[in-house]
Amino acid sequence: MKEIASGITAAAGFTTGAVHCGIRNNPLKKELALIVSDVPCNAAAVYTTNKVKAAPLHLNKEKLANGIAQAITVNSGNANACAPNDLLNAAKQAKAAAEKLGLKEEDVLVASTGVIGVELPIEKIEAGTKEIVLGIDSQDSAKAIMTTDTRVKEAAVEFELGGKLVHLGGIAKGSGMIHPNMGTMLCFITTDAAVSSAMLDQALKANAKKTFNRVSVDGDTSTNDMCIVLANGLAGNAEVKAEGEDYETFKAALFHVMETLAIEIAKDGEGASRLITVTVSSASSEAQAETIAKSVACSTLLKAAMFGKDANWGRVLCAMGYSDAEFNPDTVDVAFASKAGEVQVCHNGKGVPFSEEKALEILSEDEVKILIELNEGKESVTCWGCDLTYEYVKINGDYRT
């Protein structure tokens, strides 16, 4: 598997384009995009677990009952959630894209992100859709789906599958309202591999549990989160229809792209100044390690300590203790690490002498690791988060206005 410099158009037969259509006041900000395959695709998706779901999610669940799609229309600036005509407008958005592309409406999926409870300006979207020019610039759509994001998030790989060179790439947006519970963001992934809808669904769900569902920025799970995968088969490999070597190869490539995008989301948490990686090792089970790692990554007090570059390891043990996971506090070791080095702060559940100056140096880096050893088994899990800064409050204090 080789990383390549591209995103949503890395795979053969996919194009994208975006325009500013007036959802936002900034004329330089594109906020409406199309992602299109030359041919129909096998497709799968995962969605937020929030009980309040935006209209596009309900619409896509209906459309993907047959596991087929060919295009995605996506807008930022308006979530099309909890609005008076949300379902009607989601359908109109799909229709506008279908007419633009000459496709069947049922083969066009819809995604939205932005402010909740505001009527979607569908007339602007219908007019803007007509103006989109398709090409292979993957960042066209990657930029259009951004809200409070500060950077483009894309990744792509090429690898061999059944003797054929295939490609898989994706884009994502996510900065705030990020918390484990699928999907924690919008993500669109395309591949020219031939993979059945059932196998796409299986691989996507398995990987989501270990990537996007292990990211937390602020503890809020959005109404609009989804991840969609489209596979058009143009690479010419024999279709992957069952588990086996080819399935595992594809699943690994999909995991790599999803993990890369998940980490980028954590890095770009609203107002964040550093990425926090929490790894729980020597656990008795994966479930135990995941529960503890998530609890630590989600701890508001710990996130604040990381912003302050304070080696307050007691907050690590505190978050572990209220995680509902069973473990022995008397065998826990904790260390902080970064490219500046590593310092152990706790051994067998008790504090140990350490250099505060060295700890400050380690915690001043923009990527910090919290390493937890349970000393109970052989399982290990990593989750990702970020620090909590003054800027997060500023961003969300006037997000709507």
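The numbers here are math on the coordinates, done by the rules we state, and not lab data. As the structure is a prediction and not an experimental result, all values here were calculated from the model. Here Cβ is always computed from backbone atoms with ideal geometry, including for glycine, and neighbour counts include all displayed protein chains.
Odds and ends about this structure:
- C-alpha long axis of helix 197-210 to longest principal axis of the chain, angle in °: 30 degrees
- C-alpha long axis of helix 86-101 to longest principal axis of the chain, angle in °: 60 degrees
- Taking packing as the residue-averaged number of other Cβ atoms within 10 angstrom, the listed peptides 44-50, 91-97 run from highest to lowest as 91-97, 44-50.
- Between GLU286 and LYS209, the distance separating the two model label sites (each 7 Å from Cα on the Cα→Cβ line) works out to 0.6 nm.
- Protection-proxy order for peptides 275-283, 377-385, each taking the mean of Cβ atoms within 10 Å per residue, highest first: 275-283, 377-385
- The length gained by stretching the chain between ALA340 and ASN312 to full extension, at 0.36 nm per residue less their Cα-Cα distance, is 8.3 nm.
- Förster radius 56 Å - calculated FRET efficiency between SER355 and ALA198, Cβ distance, rounded to 0.05: 0.55
- Using the Cβ-Cβ distance between LEU88 and LYS130 with R0 = 25 Å, the FRET efficiency computed as 1/(1 + (r/R0)^6) comes to roughly 0.80.
- Positive minus negative residues near SER323 (Lys, Arg vs Asp, Glu; Cβ under 12 Å): -2
- Acute angle (nearest 10 degrees) that the helix 286-298 long axis makes with the longest principal axis of the chain, alpha-carbon atoms: 90 degrees
- Shape of the chain, Cα gyration tensor, a/c cut at 1.5: prolate
- Local charge for ALA12 was computed over the other residues whose Cβ lies under 14 Å away, with Lys and Arg +1 and Asp and Glu -1, and equals -2.
- Each Lys or Arg adds one and each Asp or Glu subtracts one; over the other residues with Cβ under 14 Å from the Cβ of ASN348, this totals -3.
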